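Values in this text are rule-based calculations from the coordinates and carry no lab data. If you're wondering where the values come from, they're calculated on a predicted model, not measured in any experiment. Every residue, glycine as well, gets a Cβ built from its backbone with ideal geometry; the counts of neighbours run over all protein chains shown.
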Amino acid sequence: MMRYVRGLLGVSLLILMVACEGPADNTQLLVDDDACIGCGECEEVCPYNAIEIIDGDAVIDPSLCHFCYRCVEQCPEGAIY
Ligand code: SF4
């Protein structure tokens, strides 16, 4: 019985994590280069190291991005969408 409950909790947790991380399709977060000031706050807040500042602009690696949206929330310029 306990094994069943633990399994059920595990599956529920997995579903909740996927729901919180956003869509798992080909959607890609983009950076408005005109708005980006290269402050690097998005790079610092990204838990997946998916963002790098290159030539003064944030660049998102879609292969590493998990759509947690922390960068979107952190960006002072609203440059990530
Ligand atoms: Fe650019 Fe916003 Fe990232 Fe700062 S937080 S580097 S303004 S995208």
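A few notes on this one:
- When the P(r) of the stretch 27-77 is calculated, the portion above 18 Å amounts to 16% of the C-alpha pairs.
- Near Ile60, once Lys and Arg are set to +1 and Asp and Glu to -1 for all other residues with Cβ below 11 Å from its Cβ, the sum equals -4.
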